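Engineer: Quick one: structure below, then a few questions.
The values are calculated or read from the model by the stated rules, or taken from the named source; none is laboratory data. The shown structure was predicted, so the numbers you read here are calculated from the model rather than taken from an experiment. Note: ideal-geometry Cβ built from the backbone for every residue, glycine included; neighbour counts use all protein chains shown.
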Amino acid sequence: MISLFYRKIYIWALFSFYDMVQQIILRNLQRPKKGNVYEDIEWLGNSLGFVNGRDTEKMANQILLSVLDEFAKVESVSSEQIARELNVALQRVNYHIRSLIDSGFLYRDRKLIFLRQGSVKSAVEEMRRDANRTFDNLSMIAEEIDQTLGLKNRP
């Protein structure tokens, strides 16, 4: 489903990924000025829909930043580590980690959390491939619907 709201584009793509539903949200937001990695991470989180309007404390961005800081040092991190580092309840951390996992940006193996493909760029590129596969499937089914109903493309 594609809908436009106040110059922001929200694209919802649902598909099966390792027997789970993946949801990717894209918001077309103005890029931050160069030179500040923290603003870049906040922009990334907002653009990929990791943050919602109810997150007044910007906890999602704090968690994302903390997770990425940890990945710069080690390959994996646990929710418990992030909760201790940020001094917040584990349930709150898990809530935000779950949205990062549901989008395909992160993945979990037992109690450890990993960045998909080991880097932010690679994770985003994997998400792009996931979305493209979804759109390919949608296009194929749409063509079958058109053929069945006798609908023609407009010239």
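Engineer: Write out, first by first residue and then by second, each pair whose Cβ atoms fall under 9 Å of each other, whose residues are 6+ apart or on separate chains, and whose first residue, in segment 138-155, is on the phi < 0 side of the Ramachandran plot while the second is in a helix (DSSP H, G or I) and of a type in the set (D, E, K, R).
Structural biologist: Once the first residue is on the phi < 0 side of the Ramachandran plot and sits in segment 138-155, its partners that are in a helix (DSSP H, G or I) and of a type in the set (D, E, K, R) give 152/146; 153/146.
Engineer: Anything in segment 77-105 that is of a type in the set (Ser, Thr, Tyr) and either touching a Lys or Arg at 6+ places or on another chain (Cβ under 7 Å) or surrounded by fewer than 17 Cβ atoms within 10 Å (Cβ to Cβ) (or both)? List them, or say none.
Structural biologist: Residues satisfying the conditions are 78, 95.
Engineer: Does residue 61 satisfy the criteria of being part of a helix (DSSP H, G or I), crowded, with 18+ Cβ neighbours inside 10 Å, over 12 Å from the mean Cα position of the chain (by Cα) and not hydrophobic (A, V, I, L, M, F, W, C)?
Structural biologist: For residue 61, the condition - part of a helix (DSSP H, G or I), crowded, with 18+ Cβ neighbours inside 10 Å, over 12 Å from the mean Cα position of the chain (by Cα) and not hydrophobic (A, V, I, L, M, F, W, C) - is met.
Engineer: Conditions: (1) surrounded by fewer than 18 Cβ atoms within 10 Å (Cβ to Cβ); (2) assigned to a loop (DSSP other than H, G, I, E, B). Residue 72 meets all but one. Number of the miss?
Structural biologist: Evaluating residue 72 over (1) surrounded by fewer than 18 Cβ atoms within 10 Å (Cβ to Cβ); (2) assigned to a loop (DSSP other than H, G, I, E, B) leaves (2) as the failure.
Engineer: Name the single residue that is nearest to residue 103 (Cα to Cα) among those in segment 35-57 being outside any loop (DSSP other than H, G, I, E, B) and β-branched (Val, Ile, Thr).
Structural biologist: So, considering only residues that are outside any loop (DSSP other than H, G, I, E, B) and β-branched (Val, Ile, Thr), the one nearest to residue 103 (Cα to Cα) is 41.
Engineer: Right, something else. At positive phi, in contact with an Asp or Glu (Cβ under 6 Å, 6 or more places away or on another chain) and not hydrophobic (A, V, I, L, M, F, W, C): is that true of residue 118 in this structure?
Structural biologist: Spelling it out, it is not the case that residue 118 is at positive phi, in contact with an Asp or Glu (Cβ under 6 Å, 6 or more places away or on another chain) and not hydrophobic (A, V, I, L, M, F, W, C).
Engineer: Moving on. I'd like to check something: does segment 34-52 contain any residue that is modelled with pLDDT under 75 and in contact with a Ser or Thr (Cβ under 8 Å, 6 or more places away or on another chain)?
Structural biologist: Within segment 34-52, not a single residue is modelled with pLDDT under 75 and in contact with a Ser or Thr (Cβ under 8 Å, 6 or more places away or on another chain).
Engineer: Something else now. Among the residues of segment 110-155 satisfying the criterion of being β-branched (Val, Ile, Thr) and surrounded by 15 or more Cβ atoms within 10 Å (Cβ to Cβ), which is farthest from residue 82 (Cα to Cα)?
Structural biologist: 134
Engineer: Can you pull out every residue in segment 111-155 that is under 30 Å from residue 91 (Cβ atoms), assigned to a helix (DSSP H, G or I) and among the polar types (S, T, N, Q)?
Structural biologist: Answer for segment 111-155, where residues must be under 30 Å from residue 91 (Cβ atoms), assigned to a helix (DSSP H, G or I) and among the polar types (S, T, N, Q): 117, 122.
Engineer: Among the residues of segment 1-28, write down those that are exposed (fewer than 15 other Cβ atoms within 10 Å of the Cβ), modelled with pLDDT of 55 or more and not in a strand (DSSP E or B).
Structural biologist: 20, 28
Engineer: For the structure I just gave you, tell me whether residue 31 is under 28 Å from residue 134 (Cβ atoms), out of contact with any helix residue (DSSP H, G or I) (no Cβ under 7 Å at 6 or more places or on another chain), part of a loop (DSSP other than H, G, I, E, B) and not β-branched (Val, Ile, Thr).
Structural biologist: no
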